[in-house]
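A.B. asks: Once you've had a glance at the structure underneath, I'll fire off some questions.
The values are calculated or read from the model by the stated rules, or taken from the named source; none is laboratory data. All values reported here derive from a predicted model rather than from experimental measurement. Backbone-built Cβ (ideal geometry, glycine too); neighbour counts: all protein chains shown. Remember, those area values only see protein heavy atoms, side chains included, never the ligands or the DNA or RNA. Shrake-Rupley method; radii C 1.70, N 1.55, O 1.52, S 1.80 Å.
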Amino acid sequence: MTKTFVLQNQKKSADFKIDYQKELNQEQYRAVSEGNGPCLVLAGAGSGKTRTIVYRVAYLIEHGIKSENILLVTFTNKAAREMLERVEALLGRYPDKLWGGTFHHIGNRLLRQYAVKVGYEPNFTILDEEDSQALIKVCLKEAGIDLKARRFPSAAVIKDLISFAKNSQIPLIEVITTKHPKWLEIENQIQNISRQYEVKKQKNNSMDFDDLLVNWLRLLKQEPAIKDRLGTQFHYILVDEYQDTNYIQAEIIKELSCVHHNVLVVGDDAQSIYSFRAADIGNILNFPANFPQTKIFKLETNYRSTPEILSVANKVISQNVNQYPKLLRPMLKSFVKPNLVPATSAAEEAQFISQMILQLRDEGLALNKMAVLFRAAYHSQELEFELTKRDIPYDYRGGVRFFERSHIKDACAFLKVINNLKDEVAWLRVLNLQTGIGEVTAGKIYQRLKDLKTMAQVSRLDISDILTPKSAIGWRGLAGIFDDLKSVIDDQSVSELIRAVAKSDYQNYLESQFPNWQERLEDLEQLAKFAENYMSLNAFLSEISLQEGFGADRGQAGRADEAKLVLTTIHQAKGLEWEVVFVINLIDAAFPNQRALSEDGGLEEERRLFYVAITRAKQQLFFSYPVTGSHASMYLNTPSQFLGEIPAELMEKVKLIDDSRWIKNEDLDDGEVQYLPEV
């Protein structure tokens, strides 16, 4: 049965508190005033997406739609709160009964009413990530799988596989094949753990976050009366960030809009960058096909960035084939072209950026108005080192600073015991990484190790009298690692020692313990490249220790109210903006990401990620990359193919004349800038 719903428009425009035509641009006003039926609002970066949604909600209420008949779905509860607070400011009253929140928040609210229909009691427990992993550990134990006796996927890794399979609706075996092909030999065991996990949640009357979506969709598909009731209730459905929805979320919206068909989704296909979380760009690209008679509105007026920055952004994204073509139009006045900075090395790149940041700060720009963006977390290492040396406080968003990451500390612990056999703290860390070895056994083993004179004696040490069968497995594994390291230890190459650790059984440990194990290996390779600058292990370890201590005690502690430079991956930067943005390490081996290129649609998503980085900048934008590779090999890097897609006339190329301090020299040919040493 199809129903239609017409806005009540009995008031005259003079009766409304809001003059919509005055307060919105023409693009926004059309989306707000003509948003009946299926509507796709393609909101370009900086085009007033949130403003459009807020005014649409206010418009509906002012035209007689009751708050309880409006559903507003966002990706964070904070976004929902801010939007509703802005609606309140516009209308002079809070829309009390409006259904607003994240998919998970609204799913929980509905399932509390209808839990029995999907086999649960209304007082079901919601498992957070830690709870979910704890329950999977119980399943592993009951299945007779001893994680301490062998390298088996950890609860965190298994939970990640199950979650991705659910949200993408891809069979678990295909997810394992893609993410961890070497585990196909234990695929049956992983499948069994997955089934037992589902059974236990049902028995325990508990749901994890994924279940809030899965069971909500089940409810809509299996209970036609409830689907009709909810569809009838929600006259208008608005969805923010639609490009980030996964298969289940898109299906939920489709089912809920079955009665009134008033579903307005807002998003930007050019900013779809979360496929690794099972987000499906097909949801926004195929929206008109899934919702017949869709109206498409484009918000292309940009209020954030200068014309020069937008020219680059428009050119970059135009290379993508699978997209809705858009052309961002600037509202800001012309300023300066983005700078392209080829540096001789990663160290010089870091020095230049640090100097420019200090120069901009001296000119009156607060540090927190500037950001350094990078494709992967390990790209920040050289810059972090330089910032700390120069005492520039920074805030690392969405992760842990490079030298504080657990796997970096693990690798350094291996190096420390090689450098100093008496280092108890390092030995205990290394021993605790091994299968079957806990704190007590590690302490006993250390008492036997501390009196050894050479590393060669470690693998020959007989400690069978203090080992259990399980810990004996771990000890043999560790002895094997040090056997593998012997030849490298003799070569005295710090970087090769780190690479040898990364290729040892420690790599199996990372893959079994962490969903992002490949990123951690990339971090270790970056550490190895950094180590190529050091001739002795002692000097390297001393520098690392001083770096950690300096960062904790001085550079990064700071006052709570102190402005700090922002360092962030591009994924974490989405939705944010800064006056000045630096995008670093733009080489083909790093950006586009080589793993992403092997995936279907990977190149276009990497280009969208670059586009997101560009559109974070308001006034100034710097692209930089090291011309040469690591300190020892000095191979030449190829600039990112994305830089090659930008016409040379849209950028100013920077020539670094000195590697200490630079000032701008404008007396060059068009399109070039020099930075000369300060006098």
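A.B. asks: In the range 205-216, how many residues are crowded, with 21+ Cβ neighbours inside 10 Å and assigned to a strand (DSSP E or B)?
C.D. replies: Total meeting the criteria: 2.
A.B. asks: Suppose the filter is open to solvent by less than 10 Å² (accessible area, probe 1.4 Å), touching a Leu at 6+ places or on another chain (Cβ under 7 Å), among the aliphatic types (A, V, I, L, M) and at pLDDT 95 or above; does I248 pass it?
C.D. replies: yes
A.B. asks: Tell me which of these L219 doesn't satisfy, since it passes every other one: (1) over 32 Å from the mean Cα position of the chain (by Cα); (2) buried (at least 19 other Cβ atoms within 10 Å of the Cβ).
C.D. replies: (1)
A.B. asks: Are there any pairs with C-beta distances below 7 angstrom linking a residue in the range 562-580 that is under 9 Å from R397 (Cβ atoms) to a residue that is surrounded by fewer than 16 Cβ atoms within 10 Å (Cβ to Cβ), with the two at least 6 apart or on different chains, and if so which?
C.D. replies: From residues that are under 9 Å from R397 (Cβ atoms), the pairs are V566/R397; L567/R397; T568/R397; T568/G398; T569/G398; Q572/R397; Q572/G398.
A.B. asks: Step by step: first the residues of the range 333-348, then only those that are β-branched (V, I, T) and open to solvent by 30 Å² or more (accessible area, probe 1.4 Å), then the one that is nearest to R390 (Cα to Cα). Which residue is that?
C.D. replies: It comes out as T344.
A.B. asks: Given the conditions (1) assigned to a loop (DSSP other than H, G, I, E, B); (2) modelled with pLDDT of 95 or more, report the number of the one that E605 does not fulfil.
C.D. replies: All conditions are met except number (1).
A.B. asks: Mind checking which helices (runs of 4 or more DSSP H) fall wholly inside the range 364-440 and carry at least 3 residues that are closer than 14 Å to A350 by Cα, open to solvent by 10 Å² or more (accessible area, probe 1.4 Å) and at pLDDT 85 or above?
C.D. replies: The helices (runs of 4 or more DSSP H) meeting that bar are 381-389.
A.B. asks: So in the range 76-111, with the set limited to residues that are of a type in the set (V, I, T) and not in a strand (DSSP E or B), which one is most open to solvent (accessible area, probe 1.4 Å)?
C.D. replies: In this case the residue turns out to be T76.
A.B. asks: May I ask you to say which residue of Y114, Y120, Y55 is within 22 Å of R218 (Cβ to Cβ), open to solvent by less than 20 Å² (accessible area, probe 1.4 Å) and out of contact with any Pro (no Cβ under 8 Å at 6 or more places or on another chain)?
C.D. replies: Y120
A.B. asks: Counting just the residues of the range 441-457 that are hydrophobic (A, V, I, L, M, F, W, C) and over 20 Å from V488 (Cα atoms), which one comes out surrounded by the fewest Cβ atoms within 10 Å (Cβ to Cβ)?
C.D. replies: Here the answer is L449.
A.B. asks: Could you list, in sequence order, the residues of the range 326-340 that are outside any loop (DSSP other than H, G, I, E, B) and among the charged types (D, E, K, R)?
C.D. replies: R329
A.B. asks: Also, I was wondering about something else. Could you grab me the full set of residues in the range 123-132 that are open to solvent by 10 Å² or more (accessible area, probe 1.4 Å) and of a type in the set (S, T, Y)?
C.D. replies: Hit for the range 123-132 is T125, nothing else.
A.B. asks: Turning to a different aspect of this structure: Looking for whichever is in contact with a helix residue (DSSP H, G or I) (Cβ under 7 Å, 6 or more places away or on another chain), open to solvent by less than 10 Å² (accessible area, probe 1.4 Å) and not hydrophobic (A, V, I, L, M, F, W, C) here; the options are S354, S305, S275. Which one fits?
C.D. replies: Being in contact with a helix residue (DSSP H, G or I) (Cβ under 7 Å, 6 or more places away or on another chain), open to solvent by less than 10 Å² (accessible area, probe 1.4 Å) and not hydrophobic (A, V, I, L, M, F, W, C) holds for just one of S354, S305, S275, which is S354.
A.B. asks: Within 26 Å of N246 (Cβ to Cβ), among the hydroxyl-bearing types (S, T, Y) and open to solvent by less than 30 Å² (accessible area, probe 1.4 Å): is that true of T50 in this structure?
C.D. replies: When the stated conditions are applied, T50 does not pass them.
A.B. asks: A further question on this structure: Output the number of residues of the range 633-656 satisfying the condition of being outside any strand (DSSP E or B) and at pLDDT 90 or above.
C.D. replies: Residues flagged as outside any strand (DSSP E or B) and at pLDDT 90 or above within the range 633-656 amount to 13.
A.B. asks: Residues of the range 572-590 being part of a strand (DSSP E or B) and open to solvent by 10 Å² or more (accessible area, probe 1.4 Å), which ones?
C.D. replies: Listed by number, the residues that qualify are W578, E579, I587.
A.B. asks: Does A613 satisfy the condition of being over 22 Å from L656 (Cα atoms), at pLDDT 95 or above and of a type in the set (G, A, S)?
C.D. replies: Judged against the criteria, A613 is a match.
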